[in-house]
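Just so it is clear, none of the values below were taken in a lab; they were calculated from the coordinates. What you are looking at is a predicted structure, and each value in this text was computed from that prediction instead of being measured. Please note: Cβ atoms are built from the backbone with ideal geometry, for glycine as well, and neighbour counts cover all protein chains shown.
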Amino acid sequence: MLDKHVAPLSEIERLHSELADRAALADEDAWAMPAEYYTSEAFLQVEINDVLRRDWMCIGHIGELRTPGDFFTTELFGEQLLTVRDTDGVIRVLSNVCRHRGNRVAEGSGNAKKFICQYHTWTYDTAGALKVAPHMKKRRVFDQSKCGLPEFASEVWMGWLFVNLEGNAISLASRVGGLEVVIENYHQDQRHLVHMEEDVWDCNWKALFENFMEGYHLSATHLNTLHPITPTKLCQKMVSGEGWTGYHACYDPDYPPREPFHPDLTEFERNNSPMYGVYPNLMVGMGTDFTLFMIIRPDGADKVRIRWGVTGQDDTPESETTQNYVSLCRSFNIEDKEKLEILQQALQTRTYQGGPLAPDDFEGTIWDFIQYMARKMGHVQSPGKIP
Ligand code: FES
């Protein structure tokens, strides 16, 4: 549990003040955040309580739950989650804590017709209703109908599955309407999950979000992987919204067309990958052919857990084309990981100073993300800032 990290209030107050001051700057004066923003365990706890538990956290993709009974388990900020497609086909995010005395009712992932707690065999159906509780009917205080597994608020958007732990966030869909207009012709919701794997990087979660979402580093960090496809100089920032930020990673004219194209794609859309981040923890690079996505969550201030995957137009995980794309993703992920872990070490030095951010097309998405964090922590935005 991260709650054990209790630090002097002054550190939290200082970072609140820094965030409010940065967010109030004009766009053209955008400036990176100080080291403690990425290293403070105390501030991470504030982020968890004020941002991550209150907002929609992406936890997976519906391609992981294809048939009734498919499930996977997750720990998220101390909550034990059991995500399952029930027998009616409905995806539910249930508490994975037995209503008897708290054992986990499921482990890992798989397919199940029912969940049997291995402590005393209370048994739940795939919708979380308690069906069997040995010897309990003899107890006057036992009401089987009131002993189902609690369900968390969840939404599916474009195939990704989100949970809101606090249960009172406004609809995710209502916060990404502007993004849907930009990406609709790519038909992400029709793409198939063809790859998923997990990783842990030694860097702050926000640093990874910022790295994924900015195109400034593409030509330098990814000279032989992404630069030939999406060079930095061709990046075009989108007009972001309340729940998202993004840019167009435009293709080098010399790079072969990334076919097959969906017939709805316009000429411009055939020649760029929308890169977007749905706050606070889903990042997507949506190519004309494949989509790369990363789902992240902090595990301490200097460690981030990653679930990254690929969706494709065809359900062909073993095809050479799919494998080549996954291999490319692995290659540039390694390049990003190396840079971010060096950056995390630099944050501990006395000489680190966050510098000015590059112009909007290159690092404006970082500025958007800082503004989002400031909004979530109650720091007022200038009127008209949020479309
Ligand atoms: Fe689950 Fe007792 S804790 S049946």
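Worth a mention:
- Dimensions (Å) - the stretch 75-187, Cα atoms, principal axes, largest first: 59, 28, 25
- Given R0 = 41 Å, the distance between the Cβ atoms of Gln236 and Asn111 translates into a calculated FRET efficiency of 0.40.
- At R0 = 35 Å, FRET efficiency that the Cβ-Cβ distance of Phe77 and Glu338 yields, to 0.05: 0.80
- Cα long-axis angle, helix 360-376 against the chain (0 to 90 degrees, to the nearest 10): 40
- Nitroxide proxy distance, nm - points 7 Å out along Cα→Cβ at Asp254 and Gln118: 5.7
- Report note on the peptides 159-165, 298-304: ranked by the mean count of other C-beta atoms within 10 Å, highest first, their order is 159-165, 298-304.
- Working ranking of peptides 262-270, 144-152 by packing, defined as the average number of other Cβ atoms within 10 Å per residue, highest first, is 144-152, 262-270.
- Candidates Arg22, Arg258, Arg53, ranked by Gaussian network fluctuation over the chain, Cα under 10 Å, top entry: Arg258
- Farthest toward positive dipole pole in the chain [+1 Lys/Arg, -1 Asp/Glu at C-beta], among Gly378, His61, Asn111: Asn111
- By the rule of a second cysteine Cβ within less than 4.7 angstrom, the chain holds isolated cysteines at Cys58, Cys147, Cys203, Cys235, Cys250, Cys329.
- Dipole magnitude for the stretch 238-313: about 440 debye, using +1 per Lys or Arg Cβ and -1 per Asp or Glu Cβ, origin at the Cα centre.
- Using C-alpha pairs below 8 Å separated by at least 6 residues, the relative contact order for the stretch 279-338 is 23 percent.
- Relative to the Cα centre, the charge distribution of the chain, modelled as +1 at Lys and Arg Cβ and -1 at Asp and Glu Cβ, gives a dipole magnitude of about 2200 debye.
- Cα gyration tensor, the chain - rounded (a/c under 1.5), prolate or oblate: oblate
- Net charge dipole size for the stretch 31-150 [Lys, Arg +1 and Asp, Glu -1 on Cβ; Debye, nearest 20]: 1120
- Contour excess over end-to-end distance, with Cα ends at Ala129 and Arg101 and 0.36 nm allotted per residue: 8.5 nm
- Max mean-square fluctuation residue, GNM over the chain, Cα-Cα springs under 10 Å, options Tyr276, Tyr325, Tyr119: Tyr119
- The stretch 195-214 and the stretch 251-304: distance between their alpha carbon centers, rounded to Å: 14
- Modelled spin-label separation between Glu11 and Asp88, with each label point placed 7 Å from Cα along the Cα-to-Cβ direction: 4.8 nm.
- Three semi-axes describe the equivalent ellipsoid of the stretch 277-348; taken as square roots of 5 times the Cα gyration tensor eigenvalues and ordered largest first, they are 27, 14, 10 Å.
- Dimensions in Å of the stretch 254-316 - Rg and Dmax from alpha carbons: 14.6, 44
- Computed [θ] at 222 nm, deg cm²/dmol, the chain (DSSP H ≥ 4; -39,500 (n - 2.57); rounded to nearest 500): -7000 deg cm²/dmol
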